[in-house]
Amino acid sequence: MGNEGDTLDIVDMISPDIITLDLQSNTKLEAIEELSELLLENGDITDKKSFVDDVLLRETEGITGIGQGLAIPHGKSDAVVNTTIAIGIAKHNISWETLDEQPVRVVFLFAVRDQDASTVHLKLLQKVAILLVDEAFIEKIRQVESKEALLAMLG
């Protein structure tokens with residue numbers, strides 16, 4: 001759509017290796033650490049502790065549980081090599097501060113390089129945020145059966 005050079009394709013920025021459809025965590029901290037471990041193993045971050053600390057710092061600035069079982073924590077960090085999103089879907093409730101005071105089952109963890117903070121990051125957040133206000137889309141995410149199907153939905 002429009003200027004090809006200008007468009008950002010979410011799917012090109014997300015590897016199936018940083019998606020889990022079986023998030024094990026029961027708390028916000030565990031979920032952030034579990035997804036950060038995937039980012040570390042995939043080479044998207046260089047230092048898990050430093051990145052998790054940056055995500056937790058951002059958590060103190062405002063609620064990232066946006067309702068309907070979704071959370072969008074993010075870390076702008078020196079530890080990030082590739083700006084991307086790790087995605088975790090749990091089969092159980094995760095305790096999280098949320099706008100609707102309901103637990104979370106789907107977590108989109110944004111990992112953002114410092115130098116991308118004002119450009120790529122905002123476009124990426126915007127694209128995902130638009131998708132995440134669509135109740136039908138959220139329902140589909142909860143039911144998704146494969147990483148490929150999830151990536152296709154984001155495409």
Requested in this report: Report the charge-dipole magnitude of the stretch 18-90 in Debye, nearest 20, computed about the Cα centre from +1 at each Lys and Arg Cβ and -1 at each Asp and Glu Cβ.
Outcome: 200
Query raised in the report: Over all directions, what mean area does the Cα convex hull of the stretch 95-155 project, stated in square nanometres?
Result: 5.2
Query raised in the report: Taking a probe of 1.4 Å, how large is the accessible area per residue of the chain, in Å²?
Result: 50
Report summary line: Taking Lys and Arg as +1 and Asp and Glu as -1, residues besides Lys91 with C-beta under 12 Å from its C-beta add up to +1
Query raised in the report: Each label point is 7 Å from the Cα along the Cα-to-Cβ direction; what then is the distance between the points at Ala136 and Ser95, in nm?
Result: 3.7
Query raised in the report: At a 1.4 Å probe radius, carbon and sulfur cover how many percent of the accessible area of the stretch 12-155?
Result: 51
**Report entry** Probe 1.4 Å - accessible area at Glu34, Å² to nearest ten
**Finding:** 50
Query raised in the report: Summing +1 for each Lys or Arg and -1 for each Asp or Glu, what net charge is found among the other residues whose Cβ lies under 10 Å from the Cβ of Val80?
Result: -4
Query raised in the report: Gain in length, Ile63 to Lys48, computed as 0.36 nm per residue apart minus the alpha-carbon separation, to one decimal in nm?
Result: 3.2 nm
Query raised in the report: Once every DSSP H run of n ≥ 4 in the chain is given -39500 (n - 2.57) and the sum is divided by its residues, what mean residue ellipticity at 222 nm do you get, rounded to the nearest 500 deg cm²/dmol?
Result: -11500 deg cm²/dmol
Query raised in the report: Which number do you get for Rg(Cα) / (2.2 N^0.38 Å) in the stretch 28-155?
Result: 0.99
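How do Glu101, Glu61 rank by accessible surface area computed with a 1.4 Å probe, from largest to smallest?
Highest to lowest solvent-accessible surface, that is Glu101, Glu61.
The values are calculated or read from the model by the stated rules, or taken from the named source; none is laboratory data. Everything quoted here is computed from the prediction, not taken from an experiment. With ideal geometry, Cβ positions are generated from the backbone for all residues, glycine too; neighbour counts draw on all protein chains shown. Just so you know, the surface numbers come from the protein's heavy atoms only, side chains and all, with ligands and any DNA or RNA stripped out. Shrake-Rupley method; radii C 1.70, N 1.55, O 1.52, S 1.80 Å.
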